[in-house]
Amino acid sequence: MKKLQSNRRKALVINYLSFILFLSIFYLVKAGVFPLIYLSTNLLPLSGIVFSFHTAFGKSHLWKLTHSAYKDLDERETELVFKATTISYSIFTIICLVMIYVFNFIGFGPIDVVLAAFLLYLAHSLPAAIIAWNQKVIIETE
Amino acid sequence: MKSRKIFNRIAVLRRERNVSRKELADSIGVNFQTIGYLEREEYNPSLDLAFKLSEYFNLPVEMIFSTQPMKPLSVELKNLKGGNDEKIAE
């Protein structure tokens, strides 16, 4: 069970690190630090995002859990999702503010489509990530 | 607010009646994983869920849930019977 939880946590770390790497390469190319050809190296973090997504959110059904309507959840699941959403809201707000500040500070101006897409993904994935990180992995028999 | 731990006999009652987690979960309208959480005493049910379980097992709520670690059902029934006998003797 501990191994399963550790695998899930590793997948989460890989998922978000891949995203950071993707954004770093993209903006370094945009700023002219790297030539345009370097954009092709973004395939590596992109595949990291896709594969780790399955382990972190897909296999555990956590994505489905955090995206279900409240009427489809029982009281324990509702409580779990509510707590995770509350925590993720605080984290997301801080990340958003830091991103906007950094973007203005380095002179990129207002946030663009790529960063907006990342923030959208972050907003949707954070509750599931918080549950995946904290919850013990227990394989229940029916 | 940190709530105290609620002990229960769901696992014993379920096994005694030969009911699967899935069957019990479907009857009371929860996910079968929630039954696992309840059995491991990792989740305190709401009053509504506690009453649903009590109706399902046809037992009073206090026979299924307690704030104290629960004695085996046989011991509790024996104590209950002993108490009743004493009352009758009086």
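Here the Kirkwood formula, the inverse mean of 1/r across different C-alpha pairs, assigns the stretch A:2-134 a hydrodynamic radius of 16.1 Å.
Direction-averaged projected area, Cα convex hull, chain B: 6.9 nm², rounded to one decimal. The value for the protein assembly as shown of Rg(Cα) / (2.2 N^0.38 Å) is 1.45. Across chain B, C-alpha contacts under 8 Å between residues 6 or more apart give a mean separation that, scaled by the residue count, equals a relative contact order of 35 percent.
When you count the other C-beta atoms within 10 angstrom of each residue and take the mean per peptide, A:18-25, B:14-21 line up highest first as A:18-25, B:14-21. Each chain gives up part of its surface: A and B jointly bury about 1300 Å² of accessible area, both sides summed, for a 1.4 Å probe. Over the protein assembly as shown, what percent of the accessible surface lies on carbon and sulfur atoms, probe 1.4 Å? It is 65 percent, rounded to a whole number.
Quote the relative contact order of the stretch A:35-142 in percent (integer), defining contacts as alpha-carbon pairs under 8 Å separated by 6+ residues. Relative contact order, the stretch A:35-142: 36 percent. Excluding ligands, DNA and RNA, the accessible surface per residue across the protein assembly as shown is 63 Å² with a 1.4 Å probe. For the stretch A:49-103, just say rounded, prolate or oblate: build the C-alpha gyration tensor, square-root its eigenvalues into a ≥ b ≥ c, call rounded for a/c under 1.5, and beyond that prolate if a/b exceeds b/c, oblate if not. Oblate, since a/c reaches 1.5 and b/c is not below a/b. The Cβ shell under 12 Å around A:ASN15 holds other residues with a net charge of +3, Lys and Arg each +1, Asp and Glu each -1.
The values are calculated or read from the model by the stated rules, or taken from the named source; none is laboratory data. Keep in mind that what you see is a predicted model, and the values were worked out from it rather than measured. Counting neighbours? That spans all protein chains shown, and the Cβs are built from the backbone with ideal geometry, glycine included. The protein model used for the area step is the full one, side chains on, heavy atoms only, and it has no ligands, DNA or RNA in it. Shrake-Rupley method; radii C 1.70, N 1.55, O 1.52, S 1.80 Å.
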